[in-house]
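First up is the structure itself, then whatever we jot down about it.
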Amino acid sequence: MEKLHEEFVRYGSNAKHWLRQCALLLPEIARQEIWRAKGFGSIYEYAAKLAGMSKSQVDTALWVMNKIDDKPELKKVIEEKGVNIVRPIANLATKETASFWAEKASEMSKHELETYAKDYRQQICPGAKTTETIEMSLDPAVADQLKKMKGDRDWNTFMKELMDGQTKPEPAQTKQVPTRIKNAVRARTNGICSYPGCHKPAEELHHANRQAINPTHDPNHIHALCKSHHHLAHHSLIANENKQPREWRLLKHPDKFDPKYQVDQKFRRHVHASHTP
Ligand SMILES: [Zn+2]
Ligand SMILES: [Zn+2]
């Protein structure tokens, strides 16, 4: 069984390698219309018959290669990891930022890079919106109670305090987050990822202070996150993690002097084991 599997893995990785090489050659084949000279009806027919590439593989390869034509750093990543990995950032990378994105693309999975790129865009050019009005229909008694609670604070300050409402921290007897705290944390965002602007289901709980450093289950520093944002957190790429998620920002590079960085390096090596930090 092992032998069969190993053989499959070896052939598979060779197949992937050769397909990547094909993708790299495609733009030039398209430009010189070599497919026509060789009697094929289109580049798609050429790539399908000769390399088993699908139409969407060809489109992706041509589109990405065209976008990064002047960015050798990203071409190198493609040689190693294929065109797909570079796709999320092909439009975003400039000549100046190409090496930055190449570094991210070689460290991250495609999903992680997609999420990082989306948040990066949002952070660079956040919409013009500075406030948002929410209309609520409340039972008069509830409305009255709410106004009383608010007192003379402005609504923004009041709502922030309300959202950060205290559930007491507990020393960590086990690595398992106690159900009471788990529920309180998940309730804060209704089971949705806490990362600003993300609306994916929260799949994992994250100790912003890292359990390995601070073995407490403090609900104010535990956050429900989707898988991608949880991974970005352990790439040490989120700043202000000790504050509430609305103040979180993406980092361009991890702070290697932050003790969390060491913990995260270790965590990512054991990413297949169950989550503890
Ligand atoms: Zn975590
Ligand atoms: Zn998320």
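General remarks:
- Condition met for Gln122 (within 15 Å of ligand 2 (Cβ to nearest atom) and outside any loop (DSSP other than H, G, I, E, B)): yes
- Matching residues, the range 240-250, being surrounded by 16 or more Cβ atoms within 10 Å (Cβ to Cβ) and either in a helix (DSSP H, G or I) or touching a strand residue (DSSP E or B) at 6+ places or on another chain (Cβ under 8 Å) (or both): Pro245, Trp248, Leu250
- Meets criteria (more than 16 Å from ligand 1 (Cβ to nearest atom) and under 26 Å from Gln265 (Cβ atoms)) for Ala93: yes
- Which listed residue is of a type outside the set (Gly, Ala, Ser), crowded, with 20+ Cβ neighbours inside 10 Å and part of a loop (DSSP other than H, G, I, E, B), from Met65, Met53: Met53
- Checking Trp101 against (1) touching a helix residue (DSSP H, G or I) at 6+ places or on another chain (Cβ under 8 Å); (2) away from ligand 2 (no atom under 16 Å from the Cβ); (3) under 27 Å from Asp218 (Cβ atoms), the condition it does not meet: (3)
- Of the numbered criteria (1) within 15 Å of ligand 2 (Cβ to nearest atom); (2) at pLDDT below 95, the one Leu225 fails is (2).
- The residue that is surrounded by the fewest Cβ atoms within 10 Å (Cβ to Cβ), counting only those in the range 28-46 that are of a type in the set (Phe, Trp, Tyr) and within 39 Å of the chain's Cα centre (by Cα), is Tyr44.
- Matching residues, the range 189-208, being open to solvent by less than 80 Å² (accessible area, probe 1.4 Å) and in contact with a Ser or Thr (Cβ under 9 Å, 6 or more places away or on another chain): Cys193, Tyr195, Cys198, Ala202, His206, His207
- Residues in the range 202-221 that are out of contact with any Pro (no Cβ under 9 Å at 6 or more places or on another chain) and more than 28 Å from Trp101 (Cβ to Cβ) were compared, and the one that is nearest to ligand 1 (Cβ to nearest atom) is Leu205.
- His229 vs. criteria part of a helix (DSSP H, G or I) and either out of contact with any helix residue (DSSP H, G or I) (no Cβ under 6 Å at 6 or more places or on another chain) or open to solvent by less than 10 Å² (accessible area, probe 1.4 Å) (or both): yes
The values are calculated or read from the model by the stated rules, or taken from the named source; none is laboratory data. A quick note: this is a predicted structure, and the numbers were derived from the prediction, not measured. Note: ideal-geometry Cβ built from the backbone for every residue, glycine included; neighbour counts use all protein chains shown. Heads up: the accessible areas ignore ligands, DNA and RNA and are worked out on the full protein's heavy atoms, side chains in. Shrake-Rupley method; radii C 1.70, N 1.55, O 1.52, S 1.80 Å.
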